[in-house]
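Any read-out appearing in this document is the output of simple, stated calculations on the displayed coordinates, not a laboratory observation. Small disclaimer: the values here were computed from a predicted structure and weren't measured. FYI the Cβ positions are ideal-geometry reconstructions off the backbone, even for glycines, and counts take in every protein chain you see.
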Amino acid sequence: MYIVLINCMDSLKDRLDEIEREEIINALIKCNWVMAKAARKLGITERMIAYKVKKYGIRKEDIKICNKKNASDNRKKQVSCDDN
């Protein structure tokens, strides 16, 4: 038996947009905010990444970087983090 939950979670489109936004931010961070390099890493054009950066309102000064230790191998990872 399956239970269908309606209006209890974000739409698929909203979830996909959030995943895409996070991937763009991660690529920009890894590529030192050089959009051409980040676009190549993501397999999209420079024009497309510029459009998506504008669409999602991504600004370098709004993104904070923090280092988190990976317990399994003690490497530091860069992630975007919130003030919450």
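Here the residues 61, 18, ranked from fewest to most Cβ neighbours within 10 Å of their Cβ, fall in the order 61, 18.
How much length would be gained if the chain were fully extended between residue 64 and residue 40, taking 0.36 nm per residue of separation minus their Cα-Cα distance, in nm to one decimal?
Values: separation 24, 0.36 × 24 = 8.64 nm, distance 2.31 nm.
Full extension from residue 64 to residue 40 adds 6.3 nm.
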